Amino acid sequence: MEALLSSSPTLRLRPPLPPPSSTSKPSLSISTFTPLSTTTKTNPSFSRKSSHFNPRPCLRVCASSSSRSTTETAVESSTVPSQMKAWTYDEYGGVDVLKFASDATVPDVNDDQVLVKVIAAALNPVDGKRRIGKFQATDSPLPTVPGYDVAGIVVKVGNQVKGLKVGDEVYGDVSEKALDGPKQFGSLAEYTAVEEKLLALKPKNIDFLQAASLPLAIETAYEGLERAGFSKGKSIIILNGSGGVGSLTIQLAKQVFGASKVAATSSTRNIELLKSLGADLAIDYTKENFEELPDKYDVVFDAIGKTMSLMELDEVRASWPEHPPLTKMNKVKKNGFLDVPIYGAGEKAGKVVKEGGSMVVLTGAVTPPGFRFVVTSTGSTLEKLNPYLESGKVKPVIDPNGPFPFDKVKEAFSYLETNRAAGKVVVYPVSEDYILEKLAQ
Ligand SMILES: NC(=O)c1ccc[n+]([C@@H]2O[C@H](COP(=O)([O-])OP(=O)(O)OC[C@H]3O[C@@H](n4cnc5c(N)ncnc54)[C@H](OP(=O)(O)O)[C@@H]3O)[C@@H](O)[C@H]2O)c1
């Protein structure tokens, strides 16, 4: 695996990743990132010939009319169609429940919302956990258009919107609460309606692809560090420093909070990535047990976590004999997924916290002194962090297997759900129009 530190403020990795047992040595080099040409080449399905907006009535996904209020007063770009392409599912299950709709209804905006023409979107593990029904009790009703992260252009504004206007380039996490009533019509669609307060203006120096990779992950990193009371001069260990959240947590701890020491874990292939992001100590979990090392930290940030298929169960049993009895985890879903994430760092994480320190756990079991939280989406966090993105002190980290074009969302989810992504899995381009306009310029 080779990581590329580009002259634009993106850190990209390439090429496709070997399995975690690999001992191949990664290396670093400098390169320029050109997403448009790359994506255009790999995505012949986006052409003028392909039908864009299907005039047939909505079959699968219709925005609830009860949430409409301001069509008369909203300021709107003249080009907003009534139907759009969107990924959707109307039953819980694996990746196969995802369906592509060409005739989903473009959502209308509430007073406090803007309609965003989606240029790029990113995937998060929570999309998969939600899709398999893990959060059914608090989920919004089916059918669902998945997707939390968006970057795009405002094409319509509700009449209470004060700070954004048609034409603004924005990014954000479209669901204020990730698990509690997340948005029914998310970002894996050509248009998505988002509350103004969840968005920020996209930093000018990053493109839409880069911007889409950030919101949920960087907001989680920031909120976790704040809740842990992290501050200048403190030390931290980030368990899973190479994933979407961890890769940004390393950078925020160092560049924004002023950490005295940042340690992070990953498998061999991602060790160079951890160092390139600013980790002072990169621990290869295939060779060392972090909990057996002498160092203790003010904060432990446990970002390990996966909901696992039954087929993987034997693997876990074999590799982690001390794992809690599986009988506690026997709520098996009919689609073959377990009801709980089966592993995180668990009790091991607590062994490296200094006395009086704190431990953030993103998912899985929490043992003292750990605490878990669920990220709250807010544009104000992005606004706060925009200067660090603009200065290049904090860089988006994009998995090299992407970007996945809009018609390859199933493949993108399948890849994310291997739990091996390094940085973010991004879907780009979502808007065919945008690419055609760019090509015409
Ligand atoms: N509570 C919240 O608000 C919140 C918010 C965001 C995310 N989350 C949860 O936090 C977890 C991480 O999210 P994410 O987006 O960062 O996931 P991700 O990007 O899918 O994480 C993938 C990374 O995990 C690493 N990894 C896997 N097993 C590991 C281990 N045992 N030790 C160290 N690293 C390991 C992999 O590195 P290798 O290939 O090198 O092993 C890979 O780079 C997910 O469960 C997610 O649902 C919770």
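Taken together, the values in this text are just the output of simple stated rules run on the coordinates, not laboratory data. Here the structure is a predicted model, which is why all the values come from computation and not from measurement. Because the Cβ atoms are built from the backbone with ideal geometry, glycine has one as well, and the counts that use them run over all protein chains shown.
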Which aspartates and glutamates, on any chain, are close to Lys395 with Cα under 16 Å apart, when same-chain ones fewer than 8 places away are left out?
Asp207, Glu219, Glu272, Glu383
Residues whose placed amide H lies under 5 Å from that of Ile119, excluding near-sequence neighbours:
Ala151, Gly152, Ile153
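Could you give the length gained by full extension between Asp284 and Asp90, i.e. 0.36 nm per residue of separation minus their alpha carbon distance, to one decimal place?
Numbers: separation 194, 0.36 × 194 = 69.84 nm, distance 4.07 nm.
Gain on extension, Asp284 to Asp90, equals 65.8 nm.
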Where a ≥ b ≥ c are the square roots of the eigenvalues of the C-alpha gyration tensor, would you call segment 361-417 rounded, which needs a/c under 1.5, or, failing that, prolate if a/b is larger than b/c, or oblate?
oblate
Show me, for segment 214-230, the HN-Hα J-couplings you get by feeding each phi into the Karplus relation (A = 6.51, B = -1.76, C = 1.60, θ = phi - 60°), rounded to Hz, glycine and proline as x.
9, x, 4, 5, 6, 5, 5, 4, 5, 5, x, 5, 5, 4, 7, x, 6
Give, in nm to one decimal, the length gained when the segment between Phe371 and Lys354 is fully stretched (0.36 nm per residue of separation minus the Cα-Cα distance).
4.6 nm
Would you mind checking segment 175-202 for residues with the amide N under 13 Å from a putative spin-label position 7 Å along Cα→C-beta of Glu390?
201-202
I need the phi-derived Karplus couplings for segment 388-402: 6.51 cos²θ - 1.76 cosθ + 1.60, θ = phi - 60°, integer Hz, Gly and Pro marked x.
6, 6, 5, 7, x, 5, 10, 10, x, 10, 10, 5, x, 6, x
Take every Cα pair under 8 Å in segment 94-238 that's 6+ residues apart, average their separations, divide by the length, and report that relative contact order as a whole percent.
29
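What is the fewest-to-most order of Thr418, Thr376, Thr381, Thr268 by other Cβ atoms lying within 10 Å of their Cβ?
Working: Thr418 12, Thr376 16, Thr381 22, Thr268 19.
The most exposed by this proxy come first: Thr418, Thr376, Thr268, Thr381.
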Which part of segment 122-156 falls in the paramagnetic zone of Glu411, meaning amide N under 14 Å from the point 7 Å along Cα-to-beta-carbon?
none
Output ³J(HN,Hα) for segment 146-157: one whole-Hz value per residue in order, computed from phi by the Karplus curve 6.51 cos²θ - 1.76 cosθ + 1.60 with θ = phi - 60°, and x for Gly and Pro.
x, x, 9, 8, 9, 9, x, 10, 6, 10, 6, 10
Cα-Cα over 32 Å, subset of Lys254/Lys351; Lys99/Lys254; Lys287/Lys393; Lys234/Lys424; Lys129/Lys287:
Lys99/Lys254
